[in-house]
Amino acid sequence: MDALRELTLPDTTDVRLMAGSYVKEMRVAKAQTHLMQHVHKYSHVSVIVRGACRVYQDRVWLGDMVAPASIVIPAHMPHRFVTLEDDTVILCVHDMEAEVV
């Protein structure tokens, strides 16, 4: 890994639940922050609300996304983000009432 920031958690996280929906808001202050690879048991949508991210699924680069943008992440698919701009905001939106695959 070159001069990129090490794998980390977002600077701030806010979680909301409503009528079966789960929304996790991640605010990342600095560009070149690596958000750790992780998986979910539900398919979900990741929304780049502000800023830009490099998106990977199962270690494969899918592309660079600039807000506003969204991507569907299948259930059990490893995924991670690298922020490309300061003050990037990402939402992960899950339907908790969907059938688990």
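From (1) among the polar types (S, T, N, Q); (2) within 10 Å of the chain's Cα centre (by Cα); (3) on the phi > 0 side of the Ramachandran plot, pick out the condition that doesn't hold for Q32.
Result: Q32 passes all but (2).
Which residues, taken from the stretch 42-52, are touching a Pro at 6+ places or on another chain (Cβ under 8 Å) and part of a loop (DSSP other than H, G, I, E, B)?
Matches in the stretch 42-52: S43 only.
Listed here are the residues, each with its yes/no results for (1) farther than 16 Å from T13 by Cα; (2) among the charged types (D, E, K, R); (3) in contact with a helix residue (DSSP H, G or I) (Cβ under 8 Å, 6 or more places away or on another chain); (4) not in a loop (DSSP other than H, G, I, E, B).
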{"position": "E25", "(1), (2), (3), (4)": "no, yes, no, yes"}
{"position": "A31", "(1), (2), (3), (4)": "yes, no, no, no"}
{"position": "H40", "(1), (2), (3), (4)": "yes, no, no, no"}
{"position": "R54", "(1), (2), (3), (4)": "yes, yes, no, yes"}
{"position": "L62", "(1), (2), (3), (4)": "yes, no, no, yes"}
{"position": "V89", "(1), (2), (3), (4)": "no, no, no, yes"}
{"position": "C92", "(1), (2), (3), (4)": "no, no, no, yes"}
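Select from the stretch 36-70 the residues that are touching a residue at least 40 places away in the same chain (Cβ under 8 Å) and of a type outside the set (A, V, I, L, M) and write down the one among them that is nearest to M26 (Cα to Cα).
Looking at the filtered set, the residue picked out is S46.
Every number in this text was worked out from the coordinates using simple rules, so none of it is lab data. Every value quoted in this text rests on a predicted model; they were computed, and no experiment measured them. Cβ atoms come from the backbone with ideal geometry, glycine included; neighbour counts cover every protein chain shown.
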